[in-house]
Each structure stands twice: as structure tokens, then as C-alpha cells.
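K.L.:
Below are the C-alpha cells for one structure; questions will follow.
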Amino acid sequence: MTLRAFSLTIVILSLSACTIPRIIVLHDPLSVDEHLQLAAIYEVQQKFDLARDQFHQALEKDKKSVRAWQLFGDFSFRRKEFGQAEDAYSRAAALDPKNGDLLNNLAWVYLELGKNPEKAEKLARQAIELSPSHRPYYLDTLGVALTRAGDLKGALAALTESVATLPTDQPAFLAEAYDHLAVLYDALGNAEERDRAAARARELRGGK
């Protein structure tokens with residue numbers, strides 16, 4: 001399928017030589033999915049304003065598209081536009097309240113904003129209940145939220161289970177969880193375990 005790089009088609013019809021031309025604005029010829037595909041292409045090309053515009057056009061076409069809101073939230077999160085990410089994930093979650101991934105992502109927005117770790121904890125726990133198959137990933141989120149909230153014992157339980165159950169074929173996620181465990185051990189004053197967790201994270205990243 002060839003993507004068309006325009007969003008509106010303008011047709012000018014002249015009925016006669018003495019008639020004022022009429023401008024007819026046709027409907028957006030692109031589908032929501034096509035706009036989202038263009039947004040992904042523009043992001044890869046680092047044309048972020050164009051990518052953002054494609055997300056906006058997708059959402060103008062269908063304000064109830066969970067996928068469009070979620071992908072716009074992902075884009076905003078990667079751009080560190082956390083206020084916009086919070087709005088996008090919140091709208092997606094309102095449309096699909098049983099989607100654990102959306103609640104987990106929203107929890108991470110609160111953690112990145114550095115506010116309301118209790119809200120992030122609540123969202124992570126809800127995500128675990130809704131999507132138990134993703135429990136190892138959500139436990140990492142929960143562990144960070146509990147660390148920020150000062151519940152170090154609860155954080156240790158969550159992060160220890162997370163690193164023990166995360167799939168080994170997901171080294172990036174596992175490395176991040178070990179990073180969070182290292183931060184927790186530092187807060188606990190356990191330098192030996194901190195260094196061990198940090199070394200494991202580096203190992204999973206290929207020594208980086």
C-alpha cells in the first residue's frame with residue numbers, strides 16, 4: 001500500500017466562465033492506520049513535528065481509537081512530553097479500562113514526573129490484576145513506585161520477583177529492572193548487592 005503524503009484534497013470546480021469557483025474540501029482520504037503509519041515513519045526520520053501532526057489527524061478522524069491514543073502516548077513519552085503522555089494514556093485507559101499495559105504506562109508517566117508515587121503504585125497493582133500474564137513487567141513498575149514512596153521492603157519483594165521472572169529473552173527489560181534493584185539496594189545501604197545488581201545490568205547490555 002502506498003501512503004499518500006497529503007491529508008486533504010481540495011477540488012476547485014468552475015461551473016462557467018462567469019461563475020465564481022467553488023472550493024470543495026473533501027474528507028481526509030487517509031485512514032487512522034495510515035496516519036499512524038506515517039507518524040511512525042516520520043518519527044524514525046526524526047521529523048517529530050510531522051509525526052505529531054499525523055497523530056493529531058488520526059485522532060481527529062477517530063477520537064475513540066484506543067490504539068491512536070496509546071501510540072500518541074508512547075510517542076509523547078519517548079519525547080519526554082510527559083504532560084501530553086499523561087493525557088493520551090488517560091484517554092486510552094478511559095476507553096479501554098481493562099488494559100493493563102495502559103495503566104502500567106500511565107504509572108510510569110507519574111514516576112517520570114516525579115509526583116504521586118502512591119498513584120503510580122495503585123495503577124501498577126491494578127495492571128497486575130487486569131493482565132497477570134504481564135506481572136513480571138508490572139512488578140518492576142511497582143517496585144520503583146514503592147521505592148519512591150519509601151516502602152523499601154515492599155519494593156525489594158516486587159523487584160526481586162521481577163528480575164527472577166522476567167523472560168531472559170528480554171534483556172533490555174531485565175537490565176532495566178536490575179538498574180532499579182541497584183537503586184533500591186543503594187537506598188537500603190547494601191553496597192555489595194547494589195554493585196552486584198548494577199554489574200548484572202551491564203552484563204545484560206553487553207558490558208555497556
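The values are calculated or read from the model by the stated rules, or taken from the named source; none is laboratory data. None of these values were measured; they are calculated from a predicted model. All Cβ positions, even for glycine, are placed from backbone atoms using ideal geometry, and neighbour counts span all protein chains on display.
K.L.:
Would you point out which residue out of Gly114, Gly100 is under 21 Å from Ala88 (Cα atoms), among the small types (Gly, Ala, Ser), at pLDDT below 95 and under 17 Å from the mean Cα position of the chain (by Cα)? So that I can check it myself, show each step before the final result.
P.N.:
Working: Gly100 fails: at pLDDT below 95.
After ruling out the rest, the residue left standing is Gly114.
K.L.:
Can you tell me how many residues within region 72-82 are over 21 Å from His35 (Cβ atoms) and either of a type in the set (Lys, Arg) or free of Cβ contacts under 8 Å to residues at least 12 places away in the same chain (or both)? Spell out how you get there, then give the answer.
P.N.:
Within region 72-82, the first condition is being over 21 Å from His35 (Cβ atoms), and the residues that meet it are 80, 82.
When the remaining residues are screened for being either of a type in the set (Lys, Arg) or free of Cβ contacts under 8 Å to residues at least 12 places away in the same chain (or both), the result is 80.
Going through region 72-82 one residue at a time, the tally reaches 1.
K.L.:
Let me ask something else. So Ala120 fits all but one of (1) surrounded by fewer than 16 Cβ atoms within 10 Å (Cβ to Cβ); (2) part of a helix (DSSP H, G or I); (3) under 17 Å from the mean Cα position of the chain (by Cα); what number is the exception?
P.N.:
The single condition Ala120 does not satisfy is (1).
K.L.:
Here are the criteria: (1) under 15 Å from Val144 (Cα atoms); (2) surrounded by fewer than 18 Cβ atoms within 10 Å (Cβ to Cβ). Tell me which single one Ala177 does not satisfy.
P.N.:
(2)
K.L.:
Continuing with this model, one more query. Collect the residues in region 150-171 that are closer than 18 Å to Leu188 by Cα and either loosely packed, with under 15 Cβ neighbours inside 10 Å or over 22 Å from the mean Cα position of the chain (by Cα) (or both), keeping them in residue-number order.
P.N.:
Gly150, Asp151, Leu152, Lys153, Gly154, Ala155, Leu156, Ala157, Thr160, Glu161
K.L.:
Anything in region 41-71 that is under 18 Å from the mean Cα position of the chain (by Cα), part of a helix (DSSP H, G or I) and touching a residue at least 24 places away in the same chain (Cβ under 8 Å)? List them, or say none.
P.N.:
Ile41, Glu43, Phe48, Ala51, Ala58, Val66, Arg67, Ala68, Trp69, Gln70, Leu71
K.L.:
Here is a follow-up. Just give me the residues in region 50-80 being within 23 Å of Leu113 (Cα to Cα) and loosely packed, with under 15 Cβ neighbours inside 10 Å, in sequence order.
P.N.:
Of everything in region 50-80, those that are within 23 Å of Leu113 (Cα to Cα) and loosely packed, with under 15 Cβ neighbours inside 10 Å turn out to be Arg78, Arg79, Lys80.
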